[in-house]
Every structure is written in C-alpha cells, then in structure tokens.
1. List the number of the failed condition for residue 138; all other conditions in (1) in contact (Cβ under 8 Å) with a residue 60 or more places away in the chain; (2) more than 15 Å from the chain's Cα centre (by Cα) hold.
2. Could you tell me which numbered condition residue 165 fails, if it satisfies all but one of (1) farther than 30 Å from residue 214 by Cβ; (2) surrounded by 19 or more Cβ atoms within 10 Å (Cβ to Cβ); (3) within 16 Å of the chain's Cα centre (by Cα)?
3. If we scan region 71-82, do we find a residue that is part of a helix (DSSP H, G or I) and either closer than 19 Å to residue 141 by Cα or modelled with pLDDT under 95 (or both)?
4. For the condition within 14 Å of the chain's Cα centre (by Cα) and either surrounded by fewer than 16 Cβ atoms within 10 Å (Cβ to Cβ) or within 15 Å of residue 224 (Cβ to Cβ) (or both), what is the one hit in 38, 76?
5. Would it be correct to say that residue 100 is in a helix (DSSP H, G or I) and either touching a helix residue (DSSP H, G or I) at 6+ places or on another chain (Cβ under 9 Å) or farther than 19 Å from residue 146 by Cβ (or both)?
6. Which condition from (1) touching a helix residue (DSSP H, G or I) at 6+ places or on another chain (Cβ under 8 Å); (2) under 27 Å from residue 212 (Cα atoms); (3) assigned to a loop (DSSP other than H, G, I, E, B) is the one that residue 141 breaks?
C-alpha cells in the first residue's frame, strides 16, 4: 500500500514538474476549439509549384497529433472557407467540444475542399461563443495560412475577448503564411500579416507560432492543443 502511494506521489510530482510556466494541471480540463483555415489558398502548391498543397500537409499534421491529444482534452472544430453562402459567411461549426474527437476531426478535414476567403476574426469569435467564453474557461487554436480578408479586426477582437472572457486563451498557428516574397514590400507584407494574427493571440495571453513544414505544424498543434501535464 505504501509502495503504491509512493508511486502515485512520484507520478504526480513528475506531471506537475512538466507543466510550463503560467500553466497548471487544471488547464487540461479546459475545452478547446480548433479553428481551421479552409480558404482557397490552402489548395496552393508549395514554393515553386512543387510538392503537396498546404491542405495536404495540414491534414498530415492533424492526423499525427490528434490521436495523442484528443484523449486528454475535449476538442471541437470550426472551419472557414468552403461553402455555398456569401464568402465572408462561410463558417461552419463541424464539431462541438467532445471526448475522443480525433477521428471526427481528422475525417472532416480530410473531406474538406478549400475555397473562399478568410473570415478568421469572425470564426474565432464564434468559436469563443461555442466555448461560452464569458463564463467558462477555454482554448481556441487558430490555424491559418493568411490574414483576415473579410474586414475583421483581429487585434480588436483579442482585446475584447481578454476583457470579457472568464479564462479564454487564443493561440494562433501561422502555416506557410501567404505573401509575395518578390514584391517590393514583401518583408513588410509578411510582418503585417504575422503581426495581425500575433496580436490576436497575445492579447489573450496566447502564443503565435509561425510554421513552414508538417513537423513544425505538428509540434505547434501538440503544444497548443495538448495537455501540459504530459509535456
């Protein structure tokens, strides 16, 4: 009996030691919404018109990560882009936060055909509402390959969510952000796109990560959707 208690205590201590600064074991209980970019640019090929499309690579990353993190956290899915309605209203709640969500989320993203624009601000707002952010703690993880194209104001939304939210954190993962590296203001444009989504995350205490490869995207998904107790 004493040996069993000692083992349990050691495991608990190990788990708590792996929690990152500013996080706690309780954060694993927070529901999460994955907001996924399904806009037309996700169908673009890699640099130089070679390699898989962004959506193909993103599917690989999701399939790698979700089976590991979904058993530890209730996760839902919101998608923007595809649809038949007005382009800036093509936002679909595919899945409410639920247990064992890996299979349904992987299936939804695998079947998605990218099209349309990027109403990321409204999508994140709707995801926060699904999480009942004013009264319940929650996490939103946005995966996007570009900036807002429907007139939304990501920075202003981040400030409002932080002011009104009970305990809402928004993380943003930029995946091969779309900009023209050969344009006269290419670097400035990249900085603008990155800064726009970065402030959405940072206003709520979240993180912004820029990723270029499947492995980088997988790592970012694991860090933001995963439970810090397991590292």
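The values are calculated or read from the model by the stated rules, or taken from the named source; none is laboratory data. Because the structure is predicted, anything quoted here is derived from the model rather than measured. Cβ sites come from the backbone with ideal geometry, for glycine too, and all protein chains shown count toward neighbours.
1. Going through (1) in contact (Cβ under 8 Å) with a residue 60 or more places away in the chain; (2) more than 15 Å from the chain's Cα centre (by Cα) one by one, residue 138 breaks only (2).
2. Only one criterion is unmet by residue 165, namely (3).
3. Within region 71-82, one or more residues are part of a helix (DSSP H, G or I) and either closer than 19 Å to residue 141 by Cα or modelled with pLDDT under 95 (or both).
4. 76
5. Working: in a helix (DSSP H, G or I): no; either touching a helix residue (DSSP H, G or I) at 6+ places or on another chain (Cβ under 9 Å) or farther than 19 Å from residue 146 by Cβ (or both): yes.
So residue 100 does not fit the description; no.
6. The failed condition is (3).
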